[in-house]
Each structure stands twice: as structure tokens, then as C-alpha cells.
Amino acid sequence: MDQSPESGTPEYQGIRALQDLLGDGWSLTERRGQYSEGYGTFYTLEPTGDPSAAAHLYLEQVRSVTPREVETVLAPQAHLLRHLVVDTTMVVIAPWLSTKTQYMLRENGIGYVDLTGNIGLRISRPAVFIHTVGALRSPQPLSRNKAKATLAGPKAGRLIRLLADVRPPYRASQLAEVASLSLPYVSRLLDTLEEQLLIRRSGRVIKTVDWPGLLRARAAETSLLRPDSYHGMVAPNGIESVLRRLPELPAHEWDGLAVTGPVAARRFAPLAVGGQLMLYVASHLAIDEDLEDALGLLPTSEHADVILLRPSDDVVFERLRQVDAHQEVAVTQLVLDCLSGPGRMPAEGEAVIKEMSLQEGAWRASDISDLRPTSLL
């Protein structure tokens, strides 16, 4: 390169990451010209020894970028660039880019490099296609004085479930009332969701919700099997025997049990056979010998086929479904549990999302005023 970017800067690290992926058969050279002044940095990418097959890149270094900024700022900029400098691909370099931001960049023909290893670049001539996956979460959370509401934590989970469970339109005040959350908190989280293009508003009214994207984004911030939140069990007579026992339990003694996980996912959207039976147990029920006897279970430290889960919030029991005489979590909760679970559970969650998309009218409420307020544990 004629003038390399300063060593240690994001641009320098981004160029090094691209060059390492391309290998010795490609050269990446900074280019000066009539459009260089006042813009980002232009580079020529070509196979070694074949300048006739050169491609042109425009690299723009940013501290952060949201999906909304991709839509309103970067996409128009890339469109203008393609008209000003023919056959030039815009590439964004940032410390970290969210999954949604990466998707928006790809959809708008913009390449990207983040310093955790998320890289995407597609060029038709010469043919170049790069797609690598790095960190799913930002390695450097915002400081407290600059922090925005995030999708982590029980309160966020409560609001996200409500947004997914009910069709808009509705206002922040309605969401706050039904979710039993403060209006300032709801407003801050809605601002975050709007930046991520997970909701869209007209004035103060939420008009659309990207519920699949919302559930995926929430699941990325959670873990189903948190430390000290579950107990492994063995069902000597098989998990079907446990399912048969559930509706036979006295309701006044055992209200607070709900099926989730692979078994529930398979019933809603068959993808594979087998899998553990996962059962939420409300906080007012003790996980002891009485419960084990009632369900026909034995505790185990390995090879469990039944998992008893302690929820972090009562929202998991909201809008339960009755399936074969026993209770199962709402399909939105089922997706969250599967996507944040281990093994093949995320694939099962995606299968549930696909089926939900085909029958949205069957599971999604049409009027928020029909829902009663929930309560925190």
C-alpha cells in the first residue's frame, strides 16, 4: 500500500483481516483519486498479476452502526457511491456489528468487517465471496452513563413476549400497563428496538413488529440453562409416562407446571425425534421428593431425559396452551427457550418460527386490550 492506515486502528485491523482471508493470491492497495478527498478510503482489490480483473472498494470506518442507520444513512450513501464511482463496493469497518446490522448491510450490497471476526464481502467481478462469523454479542458493553435499554433481563423479556404475542397497533402506555412495567423503561426499550428495526412506529403508535427478529435478538441475550436454574431427572418409564401424569395431578397442589423445549417443539413443528422433556416449575412449588414421586422421576447428575427448570420471571406462564390435557408454554416462549438452549434446540426453534409464520392468526392475539396485566415474581 502507498500509505497504510495507522497500525492498531480499526481500519488497519480490518484491512489485515481481509488480506489474511484473501491470501497471497490477492493484493489490496490503497487508491488515490478525484473522489478521495473528504471521503473514506478507496482500495483496489485484484488477483496478483492480473490488473485487468481489479475490483474497487470504498472503506468507511465507524464506531458503531444500527440497522436503522444502515437503512437511513449507509444504504443511500452506497447507492450514491455506485453512481459516482462505477463498480465500487462499499465496506464498513467497525469494532462490532450485530446480526441484524450484518443482515441489513448484506441486503443493501454493503460489505462489512468487524474486529470480532464478523466479515461479509460479495463481489461479482472478480468473483469474491467471504462470510465469516465472529462474536454474537458486543465485547464492550456501553458504560452506565451512556447505556440504553438492552434486550437482556426479565423486564425486557416481559415486554418482548408481549410485542410478539399481540398484533399492533398499540402505544407504549398500553404495553407498560399490560406488562406491569414503568412507562419510562418501556419507552427506552422501544427506542432501542426501533434503532434495530425490530419495530416501526408512526408517531407514538407502534405499527409493525418484526416478531421473528425480535425473538432471535432476545434469545441471543439469554441462556435457557442458567447455572443453578435447573435439575436433571431420569424418567424410568419414559417421558411419555411423565406427560400422562401431568393432567392427573391435583390442580390445587400442582398448578405451576408447563412443558417447553424439544418435546413441545416437536409437537408444534416436527423436525426430529427424541429430545429431553423440559418442564417449568413455578417458584411456589418445591422441587423435592414429593414432586419427583408425583411425576415418576429420579434425580441424576448425568444423562438426564427430563429437565426441571426454574424461570427467572412468571412471564413463561403467560398465555399457556393446552396440549393433550397438559399445559405447554406459548409458542413465543417456546421459540425463546429453544433458540437459547443447547445442542440442536436452536434448529428446533427455527422450525417453530417457520410454522408460526404459516399460522400467525392462530397464536397471535389481535387486541392488546383483551390481555390482563402480568406480575413480576
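The values are calculated or read from the model by the stated rules, or taken from the named source; none is laboratory data. These numbers come from a predicted model, not from an experiment. Positions of Cβ are generated from backbone atoms using ideal geometry, with glycine treated the same way; all protein chains shown enter the neighbour counts. SASA here: full protein model, heavy atoms, side chains in, ligands and nucleic acids out. Shrake-Rupley method; radii C 1.70, N 1.55, O 1.52, S 1.80 Å.
Brief remarks on what is shown
- For the chain, the longest site-free run once GluC sites (Glu not before Pro) in DSSP loop states with at most 12 other Cβ atoms within 10 Å are removed: 38-301
- FRET E, pair Gln322, Tyr103, Förster distance 45 Å, beta-carbon r, rounded to 0.05: 0.80
- The calculated 222 nm mean residue ellipticity attributable to helices in the chain amounts to -9500 deg cm²/dmol, summing -39500 (n - 2.57) over DSSP H runs of n ≥ 4 and dividing by all residues.
- Cleavage-rule hits (trypsin sites (Lys or Arg not before Pro)) in the range 28-111: DSSP loop, at most 15 neighbouring Cβ within 10 angstrom: Arg32, Arg63
- Highest mobility in the GNM of the chain, judged by mean-square fluctuation with C-alpha springs under 10 Å and restricted to Pro311, Pro346, Pro47, is found for Pro47.
- Mean sequence separation of contacting Cα pairs (under 8 Å, at least six apart), scaled by the length of the chain, corresponds to a relative contact order of 13 percent.
- Amide H to amide H distances under 5 Å link Tyr170 with Ile206, where only residues 5 or more positions off or on other chains count and H is placed in the peptide plane.
- Calculated log₁₀ intensity ratio I(q)/I(0) where the Debye formula runs over C-alpha points of the chain, q = 0.10, 0.11 Å⁻¹: -0.75, -0.86
- Checking every one of the trypsin sites (Lys or Arg not before Pro) in the range 174-256 against DSSP loop status and a limit of 15 other Cβ atoms within 10 Å picks out Arg204.
- By the compact-protein rule of thumb, 2.2 N^0.38 Å, the alpha-carbon radius of gyration of the range 114-183 corresponds to a ratio of 1.71.
- Carbon + sulfur, % of accessible area of the range 53-195 - ligands and nucleic acids excluded, 1.4 Å: 54
- For Asn118, residues with placed amide H under 5 Å, excluding near neighbours: Gly134, Ala135
- For the range 81-151, DSSP calls about 65 percent of its internal beta bridges antiparallel.
- Measuring nothing but how far apart in sequence close Cα pairs (under 8 Å, 6+ apart) lie, relative to its length, the range 79-132 scores a relative contact order of 27 percent.
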